[in-house]
Amino acid sequence: MANQELIAALREADAVKYGEFELSHGGTSSYYVDKYVFETNPRCLELIAEAFADRLGDDTLAGVALGGVPLVAVTSVETGLSYVIARKQAKEYGTGNRIEGELRKGEEVAVIEDIATTGQSAIDAAEALRAAGAVVNRVLVVVDREEGATENLADHDLELKSLVTAAELLADAPDDIDV
């Protein structure tokens with residue numbers, strides 16, 4: 001069941017926009033969930049951290065850069081669990097790390113991400129974490145756009161858990177919006 005308080009907070013923060021939008025994977029959509037709006041809103045962050053905390057065990061957390069970083073940080077504070085950051089690519093200076101933070105081989109890690117459309121950024125993060133020796137079996141997201149992420153993640157032995165689905169978030173959307 002959807003977290004109605006979180007849905008209300010996302011709507012109140014104006015994180016859901018309607019129009020014509022290009023998505024990161026190259027597709028277009030008649031709606032857009034603006035992660036930067038909800039990731040900079042203290043009330044949304046509080047509700048997200050609480051909801052993620054309810055769904056976690058004692059896994060180490062991993063935030064996918066950039067959008068997952070504020071989410072993993074507030075969830076870490078809420079739960080007391082440590083976290084790492086999975087970069088999209090290794091940085092070309094300093095340590096050159098792709099995974100930032102302390103990660104031990106064999107450690108169980110839950111990936112935290114903002115929005116799942118195809119799930120590719122979460123898959124990439126999970127593969128980088130696995131290459132670093134982590135055991136990764138699940139991905140937690142704020143919003144599942146329900147556009148194939150569940151199936152794509154499953155193909156990589158990853159289970160997707162979302163706080164909210166697009167259908168739940170857009171339940172009162174204008175009639176011309178396709179979910």
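The numbers here are math on the coordinates, done by the rules we state, and not lab data. Not measured: the values here are computed from a predicted model. Here the Cβ is made from the backbone with ideal geometry for all residues, glycine too, and neighbour counts use every protein chain on show.
Descriptive notes on the structure:
- Relative intensity of the range 54-136 on a log10 scale, I(q)/I(0) at q = 0.13, 0.21, 0.24 Å⁻¹, equals -0.35, -0.94, -1.21, per a Debye sum over C-alpha point scatterers of equal strength in the absence of solvent.
- Per-residue Cβ neighbour rank within 10 angstrom, fewest leading, L140, L103: L103, L140
- Candidate cross-link partners of K105 among the aspartates and glutamates, defined by an alpha-carbon separation under 15 Å and a same-chain spacing of 8 or more, comprise D59, E127.
- Scanning the chain for trypsin sites (Lys or Arg not before Pro) lying in DSSP loops with no more than 10 further Cβ atoms inside 10 Å, the longest uninterrupted stretch between such sites is 1-103.
- When every Cα-Cα distance of the chain is counted in 10 angstrom steps from zero, the calculated P(r) takes the values 10, 39, 36, 13, 2, 0 percent.
- A straight line joining the Cα centroids of the range 40-61 and the range 120-143 runs 17 Å.
- Computed lengthening from Q89 to E5, 0.36 nm per intervening residue step minus Cα-Cα distance: 26.7 nm
- In a reduced charge model with +1 at each Lys and Arg Cβ and -1 at each Asp and Glu Cβ, the range 52-168 shows a dipole moment near 440 debye about its Cα centre.
- Set of lysines near K17 by C-alpha distance (under 25 Å), chain-local residues within fewer than 8 positions excluded: K35, K161
- Fraction of beta bridges assigned by DSSP in the chain that are antiparallel (%, nearest 5): 25 percent
- Stretched out straight at 0.36 nm per residue, the stretch from V77 to D54 would grow longer than its current Cα-Cα span by 6.9 nm.
- For the range 94-104, Karplus couplings with θ = phi - 60° (6.51, -1.76, 1.60), whole Hz, Gly/Pro x: x, 7, x, 6, 9, 10, 9, x, 8, 9, 9
- Distant-in-sequence amide H partners of T165 (H built 1.01 Å from N, under 5 Å): D144
- Near E108, the amide H atoms lying under 5 Å from its own belong to T60, V135; only residues 5 or more places off or on other chains count, and H is placed 1.01 Å from N.
- Taking Cα atoms only, the orientation of helix 42-55 departs from the longest principal axis of the chain by about 60 degrees.
- Estimated [θ] at 222 nm from DSSP helical runs (n ≥ 4, -39500 (n - 2.57)) normalised by residues in the chain, nearest 500: -9500 deg cm²/dmol
- Phi-based couplings in Hz for the range 6-22 (Karplus 6.51, -1.76, 1.60; Gly and Pro marked x): 5, 4, 4, 5, 5, 5, 4, 6, 6, 7, 9, 10, 10, x, 10, 10, 8
- Positive-end ranking of A173, G80, N137 along the dipole of the chain, with charges on Cβ about the Cα centre, is headed by G80.
- Qualifying GluC sites (Glu not before Pro) in the range 32-121, DSSP loop, other Cβ atoms within 10 Å at most 16: E92, E102
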